[in-house]
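The values are calculated or read from the model by the stated rules, or taken from the named source; none is laboratory data. Because the structure is predicted, anything quoted here is derived from the model rather than measured. Cβ atoms come from the backbone with ideal geometry, glycine included; neighbour counts cover every protein chain shown. In case anyone asks, the SASA skips ligands and DNA or RNA and just uses the protein heavy atoms, side chains included. Shrake-Rupley method; radii C 1.70, N 1.55, O 1.52, S 1.80 Å.
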Amino acid sequence: MLHTARERGRAHPRRGGPLGAATVAAVALLATVGTATTALASTRAGVASSLPARQGAASTRTTLPAPKPGVITLQDYYTTGDGSEMQAFIKEFESQNPGYTVKRDVMPPGNAESQVLTEASAHQLPDLLMMDNPWVPELAGAGDLVPLESVGISPSGLTEGAVAAGSYKNVLYGVGFGNNTIGLFYNKKLLAASHVAVPHTWAQLVTAAKALTKNGVAGFEVAADNVPGSAVWQFLPFFWTAGGDLEHVNDAGGVAALTLYQQLAKEGALPTSVVDEQQNDIAVDFMGGKAAMIVMGPWEFGPFNSTKGLDYGIAPIPTPRAGMSAVTPLGGEVWVIPKSTPANEALGLKLLKFLISPAVTYSWAAANGEIASEKSVSSRLLATVPDDRVFASEIEHARSRTGEVGLAYPAIETALGTAVQAVILGKATPKQALDTAQVAVVAALKQYHITS
Amino acid sequence: MWRETAGRAERIGGVPSATAGLPNRVATRRAAARRPDDQADATRERRHRLWQRGVAGGRRWLFLMPAIVYVCLLFAYPIVYNVLLSLRQSSVIGLLNNSAGFVGLSNYHTAITNPVLPTVVENTALFVVGSIVFQFGIGFLLALFFSQRFPLSGLLRSLILVPWLLPGVVTGLVLRLMFDPTSGMVNQILSDVGLIHTPIEWLTNTHLALLTVVLANIWIGIPFNMLLLHGGLQDIPKELYEAARVDGAGRARTFWSVTVPVMRPVIAVVLVLGFIYTLKAFDIVIILTGGGPVNSTQLLSTWAYTLSFGNLDFGQGAAIGTIMMLISLVCALAYVRSYRGELRR
């Protein structure tokens, strides 16, 4: 990019005639343009910057120098409750560590991924960064993250889920406060009114959802919006528990799971309007008593508990047969240290160590219903937060979305999401929809050389 | 010498460029007629003239510079960048560590053989044709209506412009609320009037979603069509209509034989711009349906976005973007050609 801009800068004056004041001015002007263009290039998403990558040097290093007091840049999208919880942690860190100031930049959650990718391409990442766990392969694969074991953070004290969420190719790059997953939330009053028992199997789910669908109440809702994420995140528990495989989505397991959706939709127990609903939309339906059962995660404890008249219970995701354990997707954000200069990496590490300390992790996980990353903290928590038990048992079997398919996941997610919508709307049978999706899955796997 | 020349340049610099533009051979002929000892002087003069032209040329470039800078920065650079991107294996990692290799036309091949493409092309064609026919038709009727002077016509005409003034995102969000099946205003009104008994799923029905999106886009595009056509109608000399009336032409005849032929260049501009605007329509669709459900409203523009930012496959997204650009380019070139033909006539 740099070269093209400069060459263009010279081309015009040459055609313009003999060297004069005007030409000199023109050259000066174009030189400025060249700089501007380069600046533009390096701030655009996905631009292959021609600037030398700052990484290289860090990859072989095993220890970091002691951090020098200064400004630590931090970027996150913990916006719930106006981000006040994070703000409190930062204040505590600053009072414990005089001389250090944390400069926090809050990203809008919806744009966080593209913002992170933009910054990564321009090598403008902060000292400590929060990411959703499926993005770890993207940045780790490009060599932009510091392997945490090389700076003394050991995965041994972490829960299996925490390790899976923060790892790429068996190397730990990120640690978060904790993990979450999804379960079945049910409205106790509505179930009691229809004399319906909490479903544990798919057959029970269909019967219960049918019985609960009346008086404008939907028996069961899942998010199925085509915004990347929503539909597939909520479909994966059914897909994986039935034996579905993200590399072969049209296998028997995938077809069985989608047949469940088809059955629910056909019975009218799963309203077709869910193809336009994201996860927070179905949470709103549940709070308003318009949906009797939904698939949801612990982050809604706060809003649900403060909803007047809402008496809800939580159960594991129903399984094809009784006695099985549901395999759910692993959720949760992680902190990563982007590669930069040793001094900056040391600053990031200092803040990271504070944030994943047992005291901070405990207070975060307790407030947000997450399963704390550290084993000792999570077992201490479970004794006090009974609502979390369902999720704690589910998380033992939870699977990382990018574990099997890595970088091909975004494309697979799009294809699978379309299949889910097609079946809910009755546009295709489960087999047809998944056969179509498989074409895209194969293409995506081929592109990233993932052998299946 | 240098200074002297510069001094003269300054002196003559006050004369407008007509002097600088004097044909060179005039100077040469004059020089030939002069005595030999004047020869050196003549050469100097010629050199001076050349220098002057150079300065004028440089100045011309200087004045052009803002436009060139603007075009390069905001048009040429993104276009070239997009084309380059479409020729590379531009996945996330490749872009982040600059290892994205050139893969020739492979991204185009993958995009063209994608099983979703036929649906996308069909949707785009329906969207463009459906939008333009009604935007143009209704816009023309309104333009004719407003070319009649009547009380409050100016106010009404400005009110009709509102859809064009609102940002697409705002329009999209408002329309999304209006088309909501259970709480939306559209279904409410239709059922109050007694036209429907069950709510219509405007945005979640795969057969209706495209229609809804087209309706929204027609609504947005009417003011633009009306405005340009209204301007064209104002420029038609009144004498032509008078002459037609004297010749005994009726209303329809006057329209087809006077209005339409005179308006032809305006109509061409409106249609070409309408085509390009409609082809690249994005904000309204992404907000109303996001290209769904099941790709039923997926257009080339939204698909390019999904490939780039949903699948993080920037190479394929760029390939679709380049194809769209070529379609627009062909259309614009066809227009320029026909416009030149019009001028020659």
Any residue at all in the range A:223-239 that is open to solvent by 30 Å² or more (accessible area, probe 1.4 Å) and without any contact (Cβ under 8 Å) to a residue 12 or more places away in the chain?
no
Pairs, please: C-beta under 8 Å, at least 6 apart or cross-chain, first residue away from chain B (no Cβ under 14 Å) and of a type in the set (S, T, N, Q) and in the range A:143-163, second surrounded by fewer than 24 Cβ atoms within 10 Å (Cβ to Cβ) and outside any loop (DSSP other than H, G, I, E, B)?
A:T159/A:E374; A:T159/A:K375
If the Cβ limit is 6 Å and pairs must be 6+ apart or interchain, which residue in the range A:352-379 that is touching a residue at least 12 places away in the same chain (Cβ under 8 Å) and within 23 Å of A:R104 (Cβ to Cβ) pairs with which residue that is buried (at least 22 other Cβ atoms within 10 Å of the Cβ) and of a type in the set (S, T, Y)?
A:A372/A:T361; A:A372/A:S378
Within the range A:374-387, is even one residue within 14 Å of chain B (Cβ to nearest Cβ), farther than 30 Å from B:Q298 by Cα and part of a strand (DSSP E or B)?
no
Selected residue (criterion: surrounded by the fewest Cβ atoms within 10 Å (Cβ to Cβ)) from residues of the range B:300-310 that are closer than 17 Å to A:V116 by Cβ and within 7 Å of another protein chain (Cβ to nearest Cβ):
B:F309
Single condition B:V214 does not satisfy, out of (1) without any contact (Cβ under 8 Å) to a residue 24 or more places away in the chain; (2) within 30 Å of A:A419 (Cβ to Cβ)
(1)
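Residue by residue, here is whether (1) in the same structural domain as A:V275 (by TED's automatic domain parsing); (2) more than 30 Å from B:L203 (Cβ to Cβ); (3) at pLDDT 90 or above holds:
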{"site": "A:A165", "(1), (2), (3)": "no, yes, yes"}
{"site": "A:A192", "(1), (2), (3)": "yes, yes, yes"}
{"site": "A:A197", "(1), (2), (3)": "yes, yes, yes"}
{"site": "A:A223", "(1), (2), (3)": "yes, no, yes"}
{"site": "A:N226", "(1), (2), (3)": "yes, no, no"}
{"site": "A:Q234", "(1), (2), (3)": "yes, no, yes"}
Breaking point among (1) assigned to a helix (DSSP H, G or I); (2) open to solvent by 40 Å² or more (accessible area, probe 1.4 Å), for A:A165:
(2)
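Can you tell me which residue among A:A283, A:A252 is under 24 Å from A:H200 (Cβ atoms) and open to solvent by less than 20 Å² (accessible area, probe 1.4 Å)?
Exactly one of A:A283, A:A252 is under 24 Å from A:H200 (Cβ atoms) and open to solvent by less than 20 Å² (accessible area, probe 1.4 Å), namely A:A283.
Return the residue satisfying two criteria in turn: it lies in the range A:360-404 and is of a type in the set (D, E, K, R) and open to solvent by 40 Å² or more (accessible area, probe 1.4 Å), and of such residues it is nearest to A:A140 (Cα to Cα). Steps first, please.
Step one: of the range A:360-404, the residues of a type in the set (D, E, K, R) are A:370, A:374-375, A:380, A:387-389, A:394, A:396, A:399, A:401, A:404.
Adding the requirement that they be open to solvent by 40 Å² or more (accessible area, probe 1.4 Å) leaves A:374-375, A:380, A:387, A:389, A:396, A:399, A:404.
Working: A:E374: 22, A:K375: 25, A:R380: 32, A:D387: 34, A:R389: 32, A:E396: 25, A:R399: 19, A:E404: 15 Å.
Of everything passing the filter in the range A:360-404, A:E404 is nearest to A:A140 (Cα to Cα).
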Counting only residues that are crowded, with 17+ Cβ neighbours inside 10 Å, out of contact with any strand residue (DSSP E or B) (no Cβ under 8 Å at 6 or more places or on another chain) and modelled with pLDDT under 75, give me the helices (runs of 4 or more DSSP H) lying completely in the range A:20-137 with at least 1 of them.
A:21-43
Condition check: at pLDDT below 90 and of a type in the set (F, W, Y). Does B:F150 satisfy that?
yes
Report whether or not A:Q115 is of a type in the set (S, T, N, Q) and over 25 Å from A:V227 (Cα atoms).
no
Look through the range B:50-99, keep the residues that are free of Cβ contacts under 8 Å to residues at least 60 places away in the same chain and among the hydroxyl-bearing types (S, T, Y), and return whichever of them is farthest from the other protein chains (Cβ to nearest Cβ).
B:Y70
State whether one or more residues within the range B:143-154 are in contact with a helix residue (DSSP H, G or I) (Cβ under 8 Å, 6 or more places away or on another chain), more than 11 Å from chain A (Cβ to nearest Cβ) and surrounded by fewer than 14 Cβ atoms within 10 Å (Cβ to Cβ).
yes
If you go through the range A:203-212 one residue at a time, how many are open to solvent by 50 Å² or more (accessible area, probe 1.4 Å) and closer than 18 Å to A:S273 by Cβ?
1
Please determine whether any residue of the range B:76-92 is aromatic (F, W, Y), open to solvent by 70 Å² or more (accessible area, probe 1.4 Å) and at pLDDT 75 or above.
no
Between residues in the range B:100-118 that are within 11 Å of chain A (Cβ to nearest Cβ) and residues that are open to solvent by 40 Å² or more (accessible area, probe 1.4 Å), which pairs lie under 6 Å by C-beta distance while being six or more apart or on different chains?
B:A100/B:Q89; B:G101/B:Q89; B:V103/B:Q89; B:P115/A:V439
What are the pairs with Cβ atoms under 7 angstrom where one residue, in the range B:148-162, is touching a residue at least 12 places away in the same chain (Cβ under 8 Å) and the other, located anywhere, is part of a helix (DSSP H, G or I)? Sequence gap at least six, or different chains.
B:R157/B:F146; B:I160/B:L142; B:I160/B:P223; B:I160/B:M226; B:L161/B:P223; B:L161/B:L227
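Among the helices (runs of 4 or more DSSP H) confined wholly to the range B:186-289, which include 2 or more residues that are of a type in the set (A, V, I, L, M), farther than 23 Å from B:G321 by Cβ and at pLDDT 90 or above?
B:209-234, B:238-246, B:260-279
Name the single residue, out of those in the range B:180-201 being at the interface with another protein chain (Cβ under 10 Å from one of its Cβ atoms) and open to solvent by less than 90 Å² (accessible area, probe 1.4 Å), that is nearest to B:I287 (Cα to Cα).
In this case the residue turns out to be B:D180.
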Residue count, the range A:285-305, condition over 26 Å from the mean Cα position of the chain (by Cα) and more than 21 Å from A:L270 (Cα to Cα), comes to 0
Could you grab the pairs with beta carbons closer than 9 Å, sequence gap of 6+ or different chains, first residue in the range A:419-448 and in contact (Cβ under 8 Å) with a residue 60 or more places away in the chain, second one buried (at least 19 other Cβ atoms within 10 Å of the Cβ) and charged (D, E, K, R)?
A:Q421/A:D225
Criterion first (more than 30 Å from A:D285 (Cα to Cα), in contact (Cβ under 8 Å) with a residue 12 or more places away in the chain and open to solvent by 70 Å² or more (accessible area, probe 1.4 Å)) does B:W219 satisfy it?
yes
Strands (runs of 3 or more DSSP E) wholly inside the range A:241-345 containing at least 3 residues that are at pLDDT 95 or above and among the small types (G, A, S):
none
Working carefully through the options B:L343, B:L329, B:L333, find the one that is open to solvent by 10 Å² or more (accessible area, probe 1.4 Å), in a helix (DSSP H, G or I) and at pLDDT below 90.
B:L343
